């Protein structure tokens with residue numbers, strides 16, 4: 001499978017996917033930690049966390065796939081939501097909670 005096919009499968013077969021630096025229990029950057037904390041605050045219990053530091057092809061591939069230059073990247077129900085700043089803004093105004101319940 002190509003990197004694009006792997007990413008496509010990850011985002012379409014899992015309701016919530018977070019491409020991040022590190023793991024859910026040990027984020028390796030503040031932005032990834034912020035995204036993890038927000039998902040926790042929203043009550044998300046099941047998330048596929050993909051550590052981009054463990055695979056350089058995925059790290060670059062997800063940037064190409066989404067046409068978004070930074071990590072973390074959140075996908076909900078196959079759709080790209082955004083990075084840390086957008087996720088924070090959506091959480092603060094309640095949009096993210098609504099999206100996660102759909």
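Values quoted throughout were computed directly from the atomic coordinates according to the rules given, and no laboratory measurement underlies them. Only a predicted model underlies this, so the values are computations on that prediction, with no experimental measurement involved. Neighbour counts run over all protein chains shown; Cβ positions are idealised from the backbone, glycine included.
For the range 65-102, backbone nitrogen atoms closer than 13 Å to the point 7 Å from residue 53 Cα along Cα-to-C-beta are found at 72. Distance between the pseudo-spin-label points of residue 46 and residue 67 (7 Å out from Cα toward the beta carbon): 3.2 nm.
Here the contact order of the chain, divided by its residue count and restricted to Cα pairs under 8 Å and six or more residues apart, works out to 34 percent.
Which of rounded, prolate or oblate describes the chain when judged by the alpha-carbon gyration tensor and an a/c cut-off of 1.5? Spell out each step's value before the answer.
Values: a/c = 1.68, a/b = 1.36, b/c = 1.23.
In terms of gyration-tensor shape, prolate.
Computed from Cα positions, the angle between helix 30-41 and the longest principal axis of the chain comes to roughly 50 degrees. In degrees, nearest 10, range 0 to 90: what is the angle between the Cα axis of helix 3-13 and the longest Cα principal axis of the chain? With rounding to tens, the tilt is 30 degrees. Report summary: the helix-based calculation at 222 nm, which adds -39500 (n - 2.57) for every DSSP H run with n ≥ 4 and divides by the residues of the chain, gives -14500 deg cm²/dmol.
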